[in-house]
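Peer 1: Let me give you the structure first, and then I'll get to my questions.
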Amino acid sequence: CRELERLYLFYNNIGAEGVKYISLTLKNFKKLKELYLSNNNIGIEGAKYLSDTIKDLPLLCKLDLYNNNLKDEGAKYIMSSLSQSSSIKKVPAMPAKLAPNELFEPFLGVSQLLMLRLIILAGLNSS
């Protein structure tokens, strides 16, 4: 089971508490390439848990966080973790309220930014 490459958990309303436990488990799946968590209402607290996990997934290249009420603060946690990941290529649906310099601040001077292929910014629940 540690050979898992894709995990689809969208529309499950797992919330921050669910992401907490999933994140602890995901750290064991070093071959995970795609993680789909859209529409789960993970919020800022869930983004904190997930950001810790992203750093430990060396092959993760797609992360879907569409419609999770991350707000700007949650987006900062995720983007900060992405600056430490060398494999992320697509990150859809991050809140758009942040100014570009704030959003990409964690990447300044970081060579991993070259591996980042696409970030789709959407103003979802960002207040």
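Peer 1: Taking only pairs six or more apart or across chains, which ones have beta-carbon atoms under 8 Å, a first residue in the range 60-72 that is on the phi > 0 side of the Ramachandran plot and touching a residue at least 40 places away in the same chain (Cβ under 8 Å), and a second residue that is among the small types (G, A, S) and open to solvent by less than 20 Å² (accessible area, probe 1.4 Å)?
Peer 2: Hits for this filter: N67/S38; N67/A93; N69/G43; K71/G43.
Peer 1: Let me ask another. Among the residues of the range 1-17, which ones are open to solvent by less than 70 Å² (accessible area, probe 1.4 Å) and touching a Gly at 6+ places or on another chain (Cβ under 9 Å)?
Peer 2: L9, I14, G15, A16
Peer 1: Has the range 40-57 got any residue that is surrounded by fewer than 18 Cβ atoms within 10 Å (Cβ to Cβ), within 11 Å of the chain's Cα centre (by Cα) and not β-branched (V, I, T)?
Peer 2: For the range 40-57, residues surrounded by fewer than 18 Cβ atoms within 10 Å (Cβ to Cβ), within 11 Å of the chain's Cα centre (by Cα) and not β-branched (V, I, T): present.
Peer 1: Moving to a separate point now. For the range 18-29: of the residues being under 16 Å from the mean Cα position of the chain (by Cα) and surrounded by fewer than 16 Cβ atoms within 10 Å (Cβ to Cβ), which is nearest to K55 (Cα to Cα)? Walk me through it before giving the result.
Peer 2: Pass one, the range 18-29, residues under 16 Å from the mean Cα position of the chain (by Cα): 18-27, 29.
Among the residues that remain, those that are also surrounded by fewer than 16 Cβ atoms within 10 Å (Cβ to Cβ) are: 21, 24-25, 27.
Details: Y21: 16, L24: 12, T25: 14, K27: 9 Å.
Selected residue: K27.
Peer 1: Give all pairs with beta carbons closer than 7 Å in which a residue from the range 15-44 that is farther than 14 Å from L65 by Cβ meets a residue that is in a helix (DSSP H, G or I) and of a type in the set (A, V, I, L, M); count only pairs at least 6 apart in sequence or on separate chains.
Peer 2: L32/L26
The values are calculated or read from the model by the stated rules, or taken from the named source; none is laboratory data. Everything quoted here is computed from the prediction, not taken from an experiment. Cβ sites come from the backbone with ideal geometry, for glycine too, and all protein chains shown count toward neighbours. Note: accessible area is taken over every heavy atom of the protein model, side chains too, but ligands, DNA and RNA are not part of it. Shrake-Rupley method; radii C 1.70, N 1.55, O 1.52, S 1.80 Å.
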